[in-house]
1. Grab the DSSP H runs of the chain that are 4 residues or longer, score each as -39,500 (n - 2.57), total them, divide by all residues and round the 222 nm result to the nearest 500 deg cm²/dmol.
2. Which value, in debye to the nearest 20, gives the size of the charge dipole of the chain about its Cα centre, when Lys and Arg are +1 and Asp and Glu are -1 at the Cβ?
3. Local charge sum around Gly125 (other residues, Cβ-Cβ under 15 Å, Lys/Arg +1, Asp/Glu -1)?
4. Determine the sum of side-chain charges near Gln83: Lys and Arg each +1, Asp and Glu each -1, restricted to other residues whose C-beta is under 12 angstrom from that of Gln83.
5. All other residues with a Cβ under 15 Å from the Cβ of Arg19 taken together, and with Lys, Arg as +1 and Asp, Glu as -1, what is their net charge?
6. Any idea which of Phe94, Tyr126, Val137 is furthest toward the positive side of the dipole for the chain, if Lys and Arg beta-carbons carry +1 and Asp and Glu beta-carbons -1?
7. With label points built 7 Å along Cα→Cβ from the Cα atoms of Tyr135 and Ala39, find their separation and express it in nm.
8. May I ask you to list the GluC sites (Glu not before Pro) in the range 1-104 that are in a DSSP loop and have at most 14 other Cβ atoms within 10 Å of their Cβ?
Amino acid sequence: MEVSIRRPAGKEELEACGRIMSSQEPWLTLRRGYDHALALLKNPEREVYVAAVDGAVAGFIILAMGGALKGYIQTIAVSPDWQGRGIGSRLMAFAGERIFSESPNAFICVSDFNPDARRLYERLGYKLVGELKDYVVKGHSELLLRKSIGPLEGFKP
Ligand SMILES: CC(C)(COP(=O)(O)OP(=O)(O)OC[C@H]1O[C@@H](n2cnc3c(N)ncnc32)[C@H](O)[C@@H]1OP(=O)(O)O)[C@@H](O)C(=O)NCCC(=O)NCCS
């Protein structure tokens, strides 16, 4: 399986990402639909990278490299057809390299009803910071996780 991680090639690939995100959990429960996904994917203040298998989009990641939570992994999603085959781990490794080249902290949120994704992040070294209650929808929390390679003081990009 040939996986490459690169910038999206154009509108069709961004739309494919929007479908991958909006058609599955956790975004169904969070009531984040296709239009929301596309707005995120087109936000010029975000960096989007796709994982392509034999040239076709199988997953993607959205990073926020500015703002208050610099190094925030805003979204990661892999198409259900490709889940459990290492693509998410590849995207997370890529995100880590990108973020740690500029900042010593990487952040990600995971919904409290998504223990499978949380297990992946904890295996990769992300640790619980805190619980954001009723953050996206009432009745569910987002759990903020962080992976750090050291304090801000002394960090050299
Ligand atoms: C979470 C996700 C990005 C991981 O990508 P992946 O390519 O499936 O992951 P990998 O094959 O690299 O690693 C496997 C691990 O991913 C997690 N995982 C697998 N399928 C998953 C799914 N449907 N939902 C959530 N996590 C899943 C598990 O921790 C699994 O490890 P395990 O062996 O302990 O079960 C992907 O499964 C996905 O898009 N899930 C649905 C959307 C989602 O939950 N996104 C994260 C929002 S914070």
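1. Only helices count here, giving -8500 deg cm²/dmol.
2. For this selection, approximately 260 debye.
3. Charge balance in the 15 Å sphere: +4.
4. Net of charged neighbours comes to -2.
5. With Lys, Arg at +1 and Asp, Glu at -1, the net is -3.
6. The Cα lying farthest towards the positive end belongs to Tyr126.
7. Modelled inter-label distance: 1.9 nm.
8. Qualifying residues, ordered by number: Glu2, Glu45, Glu102.
No value in this document is a laboratory result; all are computed from the given coordinates. Every value quoted in this text rests on a predicted model; they were computed, and no experiment measured them. Reconstructed Cβ throughout: ideal geometry from the backbone, glycine too, with neighbour counts over all protein chains shown.
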